[in-house]
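Structure first, commentary second.
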Protein chains: 2
Amino acid sequence: MSDQPVQAFEPPYYLAVFTTVRTQEQTGYSETADRMEELVQDIPGYLGMDHAQTPGGLGISVGYFRDAEALTQWRTQAEHREAQQRGREQWYESYTLHVAKVERSHGFTRA
Amino acid sequence: MSDQPVQAFEPPYYLAVFTTVRTQEQTGYSETADRMEELVQDIPGYLGMDHAQTPGGLGISVGYFRDAEALTQWRTQAEHREAQQRGREQWYESYTLHVAKVERSHGFTRA
């Protein structure tokens with residue numbers, strides 16, 4: 001993840017919006033997040049990831065994938081599944097996941 | 001917007017992911033953001049909004065709408081169009097917009 005937003009790709013492509021509220025118990029979270037960021041790069045069709053975190057508030061991650069199959073491959077990746085399980089047990093107070101097919105996109109960069 | 005993530009709705013519904021990097025020139029931004037948050041409530045089919053902002057980094061807003069028409073109505077709302085224009089002139093270094101149709105969603109809340 002960089003400080004720049006992921007660019008607009010040519011539709012159709014897929015995205016997964018993952019919105020989270022964390023618990024007080026964040027042991028191991030950042031190591032796992034770093035590992036997931038590394039692992040997802042191996043998924044064919046992975047396009048990029050945006051992340052923003054309001055201190056003490058909501059976190060939003062958006063992952064971009066070329067097609068639904070790429071997203072399924074990431075969702076079911078063994079180490080990622082373990083991380084999801086640990087998230088429910090330990091790191092997340094609540095979360096929502098929205099999986100969607102992009103129909104339209106555009107970008108802007110200051111001249 | 002609350003501190004809790006917007007819930008999972010019954011698909012299909014639409015979302016717009018808006019990822020931003022801001023400039024140094026933020027005069028008027030927060031007043032306009034508050035006004036937009038108020039105005040969007042008037043759009044029939046508006047479902048909710050998530051927002052997260054990494055200090056000094058990426059901002060992500062995700063708006064949820066019942067259908068594409070609701071989203072179009074919001075995009076073309078007169079006062080919102082003025083705000084978009086001012087965003088390009090003044091507040092945003094860069095941004096990306098992804099408009100997508102949700103196919104699958106679920107939520108988790110700690111027991």
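The values are calculated or read from the model by the stated rules, or taken from the named source; none is laboratory data. If you're wondering where the values come from, they're calculated on a predicted model, not measured in any experiment. Glycine gets a Cβ as well: all are built from the backbone with ideal geometry, and neighbour counts include every protein chain shown. Quick note on the areas: whole protein, heavy atoms, side chains included, nothing else; ligands and nucleic acids left out. Shrake-Rupley method; radii C 1.70, N 1.55, O 1.52, S 1.80 Å.
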_Distance (nanometres) between label positions extended 7 Å along Cα→Cβ at residue A:39 and residue B:35_ = 4.6 nm
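Provide the per residue accessible area, probe 1.4 Å, for the stretch B:49-111, rounded to a whole number of square angstrom. It would help to have the intermediate numbers written out before the result.
Working: 2980 Å² over 63 residues.
Value returned for the stretch B:49-111: 47 Å² of accessible area per residue.
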*Kindly compute the accessible surface that chains A and B hide from a 1.4 Å probe when together, both sides summed, and give it to the nearest 100 Å².*
4000 Å²
_Positive minus negative residues near residue A:82 (Lys, Arg vs Asp, Glu; Cβ under 12 Å)_ = +2
_Semi-axes of the equivalent ellipsoid for the stretch A:13-102, please: Cα gyration tensor eigenvalues, times 5, square-rooted, ordered largest first, whole Å._
22, 15, 11
*How are the Cα pair distances of the protein assembly as shown distributed, in percent, across 5 Å bins from 0?*
1, 7, 14, 19, 21, 18, 10, 6, 2, 0
*Where the label is 7 Å out from Cα toward Cβ, how close does residue A:42 come to the same position in every other copy, in nm, shortest first?*
5.3
*Neighbour-limited loop hits for GluC sites (Glu not before Pro), the stretch A:1-64 (at most 13 other Cβ within 10 Å; DSSP other than H, G, I, E, B)*: A:25
*Considering only B:83, B:107, B:94, whose Cα is most displaced toward the positive end of the charge dipole of the stretch B:64-111, charges sitting on Cβ of Lys, Arg (+1) and Asp, Glu (-1)?*
B:107
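If you put +1 on each Lys and Arg Cβ and -1 on each Asp and Glu Cβ, how big is the dipole of the protein assembly as shown around its Cα centre, in Debye rounded to 20? Please list the in-between numbers first.
Details: 20 positive and 32 negative charges, 61 e Å.
In total the dipole reaches around 300 debye.
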*Copy-to-copy spacing for residue A:55, label 7 Å out on the Cα-to-C-beta vector, in nm, shortest first?*
0.2
